[in-house]
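Student: Sharing a structure here in structure tokens format.
The values are calculated or read from the model by the stated rules, or taken from the named source; none is laboratory data. This structure is a prediction, so every number in the text was calculated from the model and none was measured. Every residue, glycine among them, receives a Cβ derived from its backbone with ideal geometry; neighbour counts consider all protein chains shown.
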Amino acid sequence: MDKFFNQTLQKLETAINDIEIETPCSIERIEAVIHLIIDCLLEIKEYVLENGFKNVAEEIRFFKYQKPVIVAKLIYYNEIYKIETKKPNATKSIRKYLNAELKKLKKFFDNNLEFYRYYRTNNSFIDDKLFVRGKYDIKLSLDTVYFETDHRFSTSHDYKAAKVIANDLIQIYIEDQLYCCSTQIDKAVEIHQLKWTGSKASMIELIYALHYQGVFDNGNGDIRVIAKYFEGFLIRNWAIFTKRIYS
């Protein structure tokens, strides 16, 4: 089982890397990756149903560590897909939206604190109930998803283990997006604080240079008209720019 799983996982990760490089659109890229992961899980499921496990220890290892690694990828990309397709445009709205997504992760963490501790500290004293098929315990905070899955290929907590792994990745993604938003705001503030500190003569020289280069009306523009246009253009476009940044 270990050899098959490692080969399958390596093949999946290589295919994902290829898509990340070759597909320019983030949404299309995520969709393609999701399809890859689904196909990979189907392949692994067929192998498990056909070959089974050598012993209980191998079964526990598969459902505790191996399957969750791949399911976590599916959860991660699916969540990123939803985040990206629902994300607003304005910078402030994006920050509010992303912070709300972080709160969802924290809520899941708070609701499953005991399992987080068990899984992250690599405990094993109830693995036979959590990661062996058909050995579920209704008292162990079962997710509804367990009752909807194929019990030949799932245990009571393998999906929750995948959620733990995926949520760590999702948190990193969201925090990275928040950092990008903060950087954009900082740059906007820096631009907003810029002041013309040159002389009026320097401004006139700039306008004359543009006139000399023939960038207005193929070089036929009147210098006075150009100066007036130049002044109005800066004021008008600065207002539009700042409105977009701070909306």
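Student: Among the residues of region 40-65, how many are within 17 Å of Lys11 (Cβ to Cβ) and without any contact (Cβ under 8 Å) to a residue 24 or more places away in the chain?
Tutor: Residues that pass the stated criteria total 2.
Student: Here's another thing I want to ask about it. Search region 22-39 for residues being in a helix (DSSP H, G or I) and without any contact (Cβ under 8 Å) to a residue 24 or more places away in the chain, and hand back the single one that is farthest from Asn123 (Cα to Cα).
Tutor: Of everything passing the filter in region 22-39, Glu22 is farthest from Asn123 (Cα to Cα).
Student: Only one residue in Leu42, Leu12, Leu49 is assigned by TED's automatic domain parsing to the domain that holds His151, surrounded by 16 or more Cβ atoms within 10 Å (Cβ to Cβ) and closer than 29 Å to Asp127 by Cα. Which one?
Tutor: Only one candidate passes the filter, namely Leu12.
Student: Only one residue in Asn99, Asn78, Asn122, Asn89 is in a loop (DSSP other than H, G, I, E, B) and modelled with pLDDT of 90 or more, so which one is that?
Tutor: Asn122
Student: If you check Ile204, Ile185, which single one turns out to be modelled with pLDDT under 90, in a helix (DSSP H, G or I) and in contact with a Ser or Thr (Cβ under 8 Å, 6 or more places away or on another chain)?
Tutor: On inspection, the qualifying residue turns out to be Ile185.
Student: Given the residues Arg133, Arg117, which is the only one that is part of a loop (DSSP other than H, G, I, E, B), of a type outside the set (A, V, I, L, M, F, W, C), more than 24 Å from the chain's Cα centre (by Cα) and surrounded by 10 or more Cβ atoms within 10 Å (Cβ to Cβ)?
Tutor: Just one listed residue meets the conditions, Arg133.
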